[in-house]
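Have a look at the structure below, then the notes.
The values are calculated or read from the model by the stated rules, or taken from the named source; none is laboratory data. Being a predicted model, the structure only gives us computed values, none of them experimental. With ideal geometry, Cβ positions are generated from the backbone for all residues, glycine too; neighbour counts draw on all protein chains shown. Accessible surface areas use protein heavy atoms only, side chains included; no ligands, DNA or RNA. Shrake-Rupley method; radii C 1.70, N 1.55, O 1.52, S 1.80 Å.
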Amino acid sequence: MRGGRVAVVGGSIAGCAAALAVSRAGAAEVVVYERTAGRLADRGVGVALHSDRYAELEAAGYVDAAMPWLPLTHRPWVVRDGSRRAGRAIAVLPFPFRSYNWGSLWRGLRARIPDTVDYRGGAAVTAVVPAGDGAVLRLAEGGEERFDLVVGADGYRSVVREAVDPGAVPAYGGYLAWRGTLPAERLPGPADAFREQDLVTVVFPGGHMVVYRIPASAGPGADVNWVFFTAPPDAAGARFADPAAGPDRVVDPLLARHQGDLVERHFPPFWQEVVRGTRAENAFLQPMYDLATPRFAHGRLVLLGDAASLARPHTGSGAIKALQDATVLERVLRETDDLDGALRRYDAERAPLGHQTLVLGRQLGLAQVQRTPDWAAMDQPAVERWWRSSGALTGFGGHALPRRPVP
């Protein structure tokens, strides 16, 4: 870019990365609109970054080792076994990842944004209107502002995406993730049941739960982050079918009982206590939605992160995808003489990967939730074959950034 006024709609991890990208690419003025007025840093859920993808992002200047993280190295797959309190590991797969607390990762990115960026919390954008060689934002508080470029980093209910492609709407995948965190010091015994560098996957018919440590929300130490995937009862599923109805994160009594019944029937005692030991205020729901817009840019509008493509967490690439989008956006803005040409290059490079990640998320959802194998009958070779057949060897943890720019 050579100057210009840029708006970033959304101020979470994707929005901070986008603001950093356009600032470093040469924007004269950057304004970030974040609808949430509270503290985003209080979000204490887990984020995992593949070690190879982290190295690329560190080289690009978006993350560094000073951001609090914990190493993950192995992924045991565990079934209930009556003789073993923590269950039986049917297989152990390599898991070269780094775990983060969402809040501390956001703080690290937020701190990288130059002071010249105008970050506005509690500022909701209600509509985006293309306007020739720019776009106009309509604000909830009233009034309009015009920009030369608008970056949509506002998540799966993106108002910027509505302007880029009104027909691109997230589709409900048919099941939910129950998410929770608890302090690591509240883990039940024995101590060797959950090794510090493991991401444990507790499997059962019709779903699984992943559990791993992340840096604590506040102060030293670690928290335990768990994500429990399965379909809700028929009586509860309809409320999640329409993503436009708004986020519904509350674990109501029906869904709490459903999860509790499955945990009681299928989980080893140690992992039952992990779920039961999580306070209600530290648990919430995440419906599974799929989305990949046919184009990531149109006119002077560009999409990034979940606003552009939304894949299920099984891919291990949620935060990676947003950070890579920002990295590529910065590169094409630096390397291309005209803004419109840069946006075409960004679209050509990132839109196909967004679709590939969506497809992988669906494949892994079928394999791990909707069409689960007979877990207890499997062993190390069987799990390795099943993992390969699920498609996970292509894109799990995120795709590598290309070594050469797309022409």
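Kirkwood hydrodynamic radius, segment 163-302, all distinct C-alpha pairs: what's the number in Å? If you can, show how the numbers build up before the last one.
Working: mean 1/r = 0.0590 Å⁻¹.
One decimal place: 17.0 Å for the Kirkwood radius.
Within the chain, what's the longest stretch lacking GluC sites (Glu not before Pro) that sit in DSSP loops with no more than 14 other Cβ atoms inside 10 Å? Present the calculation step by step, with values, prior to reporting the outcome.
Numbers: sites that count: GLU141, GLU196.
Counting only loop sites that pass the neighbour cut-off, the longest clear stretch is 197-407.
Expressed as a whole number of Å, what is the distance separating the alpha-carbon centroids of segment 306-366 and segment 193-253?
Cα centroid of segment 193-253 versus Cα centroid of segment 306-366: 25 Å apart.
When the helix-only estimate is applied to the chain (DSSP H runs of n ≥ 4, each -39,500 (n - 2.57), divided by the residue count), what is the mean residue ellipticity at 222 nm, nearest 500 deg cm²/dmol? If you can, show how the numbers build up before the last one.
Values: 10 runs with 120 residues, N = 407.
Only helices count here, giving -9000 deg cm²/dmol.
Can you tell me what share of the DSSP beta bridges in segment 1-102 is antiparallel? A percent to the nearest 5 is fine. Mind showing how you got there, number by number?
Values: 15 of 20 bridges.
Roughly 75 percent of the beta bridges in segment 1-102 run antiparallel, per DSSP.
Roughly how many Å² of ASP64 are accessible to a 1.4 Å probe, to the nearest 10?
So the heavy atoms of ASP64 present about 50 Å² to solvent.
Can you tell me, using C-alpha contacts under 8 Å and at least 6 residues apart, the relative contact order of the chain as a whole percent? Numbers along the way, then the final one.
Numbers: 876 pairs, mean separation 88.2, N = 407.
Averaging sequence separation for qualifying contacts and normalising by length gives 22 percent for the chain.
First compute the accessible area of the chain with a 1.4 Å probe, then give the percent of it belonging to carbon and sulfur atoms. Spell out each step's value before the answer.
Numbers: 8470 of 16590 Å².
Accessible surface attributable to carbon and sulfur in the chain totals 51 percent.
Could you report the chain's accessible area per residue, 1.4 Å probe, as an integer in Å²? It would help to have the intermediate numbers written out before the result.
Numbers: 16590 Å² over 407 residues.
With the other protein chains kept in place, the chain gives 41 Å² per residue.
When the Karplus curve 6.51 cos²θ - 1.76 cosθ + 1.60 is applied with θ = phi - 60°, which whole-Hz ³J(HN,Hα) does each residue of segment 200-211 get, with x for Gly and Pro?
After applying 6.51 cos²θ - 1.76 cosθ + 1.60, I find 7, 10, 8, 10, 7, x, x, x, 6, 9, 9, 9 Hz.
Using Cα centres only, tell me the gap between segment 60-94 and segment 172-190 in whole Å.
If we compute the Cα centre of each part, the gap is 14 Å.
For ARG350, ARG344, give the ranking by accessible area with the largest first, probe 1.4 Å.
Sorted descending by solvent-accessible area, the residues read ARG344, ARG350.
Counting other Cβ atoms within 10 Å, keep those with at most 11, restrict to DSSP loop, and tell me which trypsin sites (Lys or Arg not before Pro) in segment 250-336 are left. Write down the numbers at each step before the final one.
Details: sites: ARG257, ARG265, ARG276, ARG279, ARG295, ARG300, LYS321, ARG331, ARG334; in loops: ARG279, ARG295, ARG300.
Here the trypsin sites (Lys or Arg not before Pro) that fit, given the DSSP loop and packing criteria, are ARG279.
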